[in-house]
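Novice: Dumping the structure here so I can ask a few things about it.
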Amino acid sequence: MFKKIAMAAALFVAACAAPYDLPADDRAAISTRITNFERAFSKGDTNGIIGVVPPRMIQSIAAKGGISETVLRREMAKSARRATQKVKVLSFGMALDQATFLTTPSGRPYGLIPTQTRIQAPSGLTVQSNNSTLTVEDGGEWYLIRVDDAGQIELLREVYPDFQGVSFPKGTSKVIQ
């Protein structure tokens, strides 16, 4: 009996993080999405920054807030603009060549892309963040999602229930010289 339980547990764990061989056309689509996002982030193009968020997540946030998606996108752009005006982006990059691609227990492919951001705060301090960006396919398009924030992960799991039980790496931030 114990052997059967151990085998079932091992199969469950394997199913939660099954490796995924990403097709070349998907890799190219993700690469283009990353390039466009990096360009938007570096230039402070808030519409470009918001454009990487899956429509389902936008729809969910708008519905919870009782506002239209158009109003939500406008407010998100304003918020992003305020946040990026206060800091200087020194560097930003996602390492697609170092990404790990897996599938959820239900078989949805996703990737975790190492991401590094260096900013200079108004005080002059330089902060470096190392985390992972989730890439997920929805409706034939690949999107990028921050997964270093508990609220963001909660929303992700509400919108994409197949991510229940999937763990995400913890990010780090440190002041550097």
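Novice: Any chance the stretch 158-172 includes a residue that's part of a strand (DSSP E or B), surrounded by 15 or more Cβ atoms within 10 Å (Cβ to Cβ), touching a strand residue (DSSP E or B) at 6+ places or on another chain (Cβ under 6 Å) and touching a residue at least 24 places away in the same chain (Cβ under 8 Å)? Let's see the steps before the verdict.
Specialist: First pass over the stretch 158-172, keeping only residues part of a strand (DSSP E or B): 172.
If we keep only those that are surrounded by 15 or more Cβ atoms within 10 Å (Cβ to Cβ) too, we end up with none.
There is no residue in the stretch 158-172 that is part of a strand (DSSP E or B), surrounded by 15 or more Cβ atoms within 10 Å (Cβ to Cβ), touching a strand residue (DSSP E or B) at 6+ places or on another chain (Cβ under 6 Å) and touching a residue at least 24 places away in the same chain (Cβ under 8 Å).
Novice: Test each condition in (1) touching a Pro at 6+ places or on another chain (Cβ under 8 Å); (2) more than 25 Å from residue 83 (Cα to Cα); (3) surrounded by 18 or more Cβ atoms within 10 Å (Cβ to Cβ) for residue 131 and report the one that comes out false.
Specialist: It is condition (2) that residue 131 fails.
Novice: Any chance you could count how many residues in the stretch 124-136 are modelled with pLDDT under 95 and in contact with a Phe, Trp or Tyr (Cβ under 6 Å, 6 or more places away or on another chain)?
Specialist: Count: 0.
Novice: Moving on to the next point. Is it fair to say residue 104 is closer than 30 Å to residue 23 by Cβ, touching a residue at least 60 places away in the same chain (Cβ under 8 Å) and among the polar types (S, T, N, Q)?
Specialist: Here the answer is yes, as residue 104 does meet what is asked.
Novice: Please enumerate the residues belonging to the stretch 25-77 that are among the β-branched types (Val, Ile, Thr) and either buried (at least 17 other Cβ atoms within 10 Å of the Cβ) or within 20 Å of residue 157 (Cα to Cα) (or both). Lay out the reasoning, then the answer.
Specialist: The initial filter retains those residues of the stretch 25-77 that are among the β-branched types (Val, Ile, Thr), namely 30, 32, 34-35, 46, 49-50, 52-53, 58, 61, 67, 70-71.
Those that are among the β-branched types (Val, Ile, Thr) and either buried (at least 17 other Cβ atoms within 10 Å of the Cβ) or within 20 Å of residue 157 (Cα to Cα) (or both): 30, 34, 46, 49, 50, 52, 53, 58, 61.
Novice: Of all residues in the stretch 85-139, which are over 17 Å from the mean Cα position of the chain (by Cα) and in a strand (DSSP E or B)?
Specialist: Of everything in the stretch 85-139, those that are over 17 Å from the mean Cα position of the chain (by Cα) and in a strand (DSSP E or B) turn out to be 88, 89, 90, 91, 118, 119, 120, 126, 127, 128.
Novice: Looking at the stretch 49-73, which of the residues that are assigned to a helix (DSSP H, G or I) and under 15 Å from the mean Cα position of the chain (by Cα) is farthest from residue 85 (Cα to Cα)?
Specialist: Among residues in the stretch 49-73 that are assigned to a helix (DSSP H, G or I) and under 15 Å from the mean Cα position of the chain (by Cα), the one farthest from residue 85 (Cα to Cα) is 56.
Novice: When you scan the stretch 112-123, do you find a residue that is among the hydroxyl-bearing types (Ser, Thr, Tyr) and touching a Phe, Trp or Tyr at 6+ places or on another chain (Cβ under 7 Å), even just one?
Specialist: Checking the stretch 112-123: at least one residue is among the hydroxyl-bearing types (Ser, Thr, Tyr) and touching a Phe, Trp or Tyr at 6+ places or on another chain (Cβ under 7 Å).
The values are calculated or read from the model by the stated rules, or taken from the named source; none is laboratory data. Owing to the predicted nature of the structure, the values given are computational and were not obtained by experimental measurement. We place every Cβ from the backbone using ideal geometry, glycine too, and count neighbours over all the protein chains shown.
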